[in-house]
Amino acid sequence: MGEFVTVTTDDEGVATLRLDRAPVNALNSQVWVEFRDAARRVSGDDSIGAVVLWGGPKVFAAGADIKEMQTKPFQEFFARAGVLQEAFNELARLPQITIAAVNGYALGGGCELSLTADFRYAADNARFGQPEILLGVIPGAGGTQRLARLVGIQRAKEMVYAGGMYSAEESLAMGLVDKVFPAGEVYDKAVEAARRYAKGPYALRMAKKAVNEGIEMGLDEALRLETTLFTACFATEDRQIGMDSFLAEGPGKAQFVRR
Ligand code: CAA
């Protein structure tokens, strides 16, 4: 368990990765390491079927810790900045389905943290942005890459070049956010959805891998990956369960075991 990043699990296979570093969940270098460790722990735990990333009811995360960055000499920062990228890569590569539940600000590294998730559920008071340019830097944890892949190059350029903030509704309209809820409900809604995914078949891992890794490849190679993963589904108990259940009772009734 980290000092600022904790992992709690419920009895329905959902883990919550909770960031708690008052007052604004600034991501200092200790937080980077704690996220990396939390991702490794969750990734290797087969009892976890889905994950919710949450910064608590006030702020998701206001970005990398500017006070810490201001004190680091270039050489030290150069040596350590890769840890942040690595930590977020490990979150993005979690085999489980992940949902970021965003209350309040998700800025800079906070927005990038939400981009590591499969889905972003936003509170109606959420504000997203990549304001790094206002500090004289650029996003350093996926904001020029995952963001552009998600919302398109033009939207990403506007966000990164101008450094503005976007409401939950604006973020929904551009595809940065998947759903908007009243602030008091967003975490519960994310957990509810995560529980549905946690009941899903092992094939969800194949689906996530196929989409996330395939998008980085040329079409021929990506389609070969899809075939490989589709075929691999036939080695799972859940494939047998899913098809037996369909033939006996029709669609949507299978009780999967995530194996
Ligand atoms: N790092 C360190 N401290 C931060 C911080 C950050 N990213 N954001 C806010 N704080 C601190 C403030 O300095 C302030 O501290 P003090 O009480 O000691 O003065 C405290 O948190 C509260 O902040 P505000 O008084 O500014 O509160 P607010 O409600 O008026 O505004 C805010 C909140 C909109 C989040 C505003 O603080 C803000 O714009 N923060 C900076 C956001 C930002 O630029 N993020 C990008 C960081 S760089 C990055 O993330 C690089 C990357 O890609 C990895």
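The values are calculated or read from the model by the stated rules, or taken from the named source; none is laboratory data. Everything numeric in this text was worked out from a predicted model, so none of it was measured. Don't worry about glycine lacking a Cβ; one is built from the backbone with ideal geometry, like all the others, and counts go over all protein chains shown. Calculation scope for accessible area: heavy atoms of the full protein, side chains included, ligands and nucleic acids excluded. Shrake-Rupley method; radii C 1.70, N 1.55, O 1.52, S 1.80 Å.
Looking only at the range 110-124, which residues are closer than 20 Å to Gly163 by Cβ and of a type in the set (S, T, N, Q)? It would help to see each step written out before you state the result.
Going residue by residue through the range 110-124, those that are closer than 20 Å to Gly163 by Cβ are 110-115, 120, 122.
Within the range 110-124, Ser114 is the sole residue that qualifies.
May I ask you to verify whether Arg259 is open to solvent by 60 Å² or more (accessible area, probe 1.4 Å), assigned to a helix (DSSP H, G or I) and charged (D, E, K, R)?
Numbers: open to solvent by 60 Å² or more (accessible area, probe 1.4 Å): yes; assigned to a helix (DSSP H, G or I): no; charged (D, E, K, R): yes.
Spelling it out, it is not the case that Arg259 is open to solvent by 60 Å² or more (accessible area, probe 1.4 Å), assigned to a helix (DSSP H, G or I) and charged (D, E, K, R).
In the condition set (1) more than 16 Å from the ligand (Cβ to nearest atom); (2) buried (at least 20 other Cβ atoms within 10 Å of the Cβ), Asp11 is compliant with all but (2). Can you say whether Val160 is without any contact (Cβ under 8 Å) to a residue 40 or more places away in the chain and of a type in the set (A, V, I, L, M, F, W, C), as far as the supplied structure shows? Judged against the criteria, Val160 is a match.
Where helices (runs of 4 or more DSSP H) fall entirely within the range 105-212, those with at least 3 residues that are open to solvent by less than 20 Å² (accessible area, probe 1.4 Å), within 15 Å of the ligand (Cβ to nearest atom) and of a type in the set (Gly, Ala, Ser) are at 109-115.
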